[in-house]
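A short write-up of the structure that comes next.
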Amino acid sequence: MKKTLNIARSMAYGVALFSIAACGSADTATDAASAAENQTYYGSVIELDGALDASGLRAALAGSGRAQVKFEGEVTATCAKKGCWMDVASGEDTVFVRFQDYGFFVPTEGAEGKRTVMEGEAFFDTIEVAMLKHYAEDAGASEDAIAAITEPELRLAFTATGVMIED
């Protein structure tokens, strides 16, 4: 009985270590052998050709309101706490980008002003007040700025499966 209990404990410990290792690897950048030296990939390594700007993104959404696309723009902000979201400017639009299943994260600082290409799903999203306040807090907004958020906001949004940020 003691031997069986020790084996079960060892297996549970091994599963826990594997789970921690798997989760820990989710927020690391992927180095692709074929990637240019000035490009860092997060999540899936993606092909960069054929990326849309914001006007192309809006055109792709005109039919069903959702589209699987590649999108490019300039990083204007990232989540300062964890890197779990970013704002990307393209043309006159700023797109709110999250990462599929929180499976990877981008740098919490230093990405602003850099070109990015993402692959995933674009859509329009209504962000509720509580989430807007949460995102503002993540971004380091003042208490007054957070308190001033009183209305939900319709945003052009994107769930990325892979992101490239130029260094």
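Structure notes:
- Built amide H within the under 5 Å cut-off of Gly162, gap 5+: Ser44, Glu119
- Amide H contacts of Lys114 (H built 1.01 Å from N, in plane; Pro and chain starts excluded): Val75 sit under 5 Å, all sequence-distant by 5 or more or on other chains.
- Burial order of peptide ranges 107-114, 143-150, 52-59 (average beta-carbon count within 10 Å, highest first): 52-59, 107-114, 143-150
- Computed from backbone phi with θ = phi - 60° and the Karplus coefficients 6.51, -1.76 and 1.60, the 3J(HN,Hα) list for the stretch 93-108 is 9, 10, 9, 8, 10, 10, 10, 3, 6, 6, x, 7, 9, 9, x, 7 Hz; x is used for glycine and proline.
- Relative packing of 67-75, 156-164, which averages over residues the other C-beta atoms within 10 Å, highest first: 156-164, 67-75
- Under 13 Å from Lys82, Cα to Cα: aspartates and glutamates that are on another chain or at least 8 residues apart: Asp27, Glu109, Glu137, Asp138
A short reminder: the numbers here are calculations on the coordinates, not readings from a lab. Keep in mind that this is a model prediction, so the values were computed, not measured. All Cβ positions, glycine included, derive from the backbone under ideal geometry; neighbour counts span all protein chains shown.
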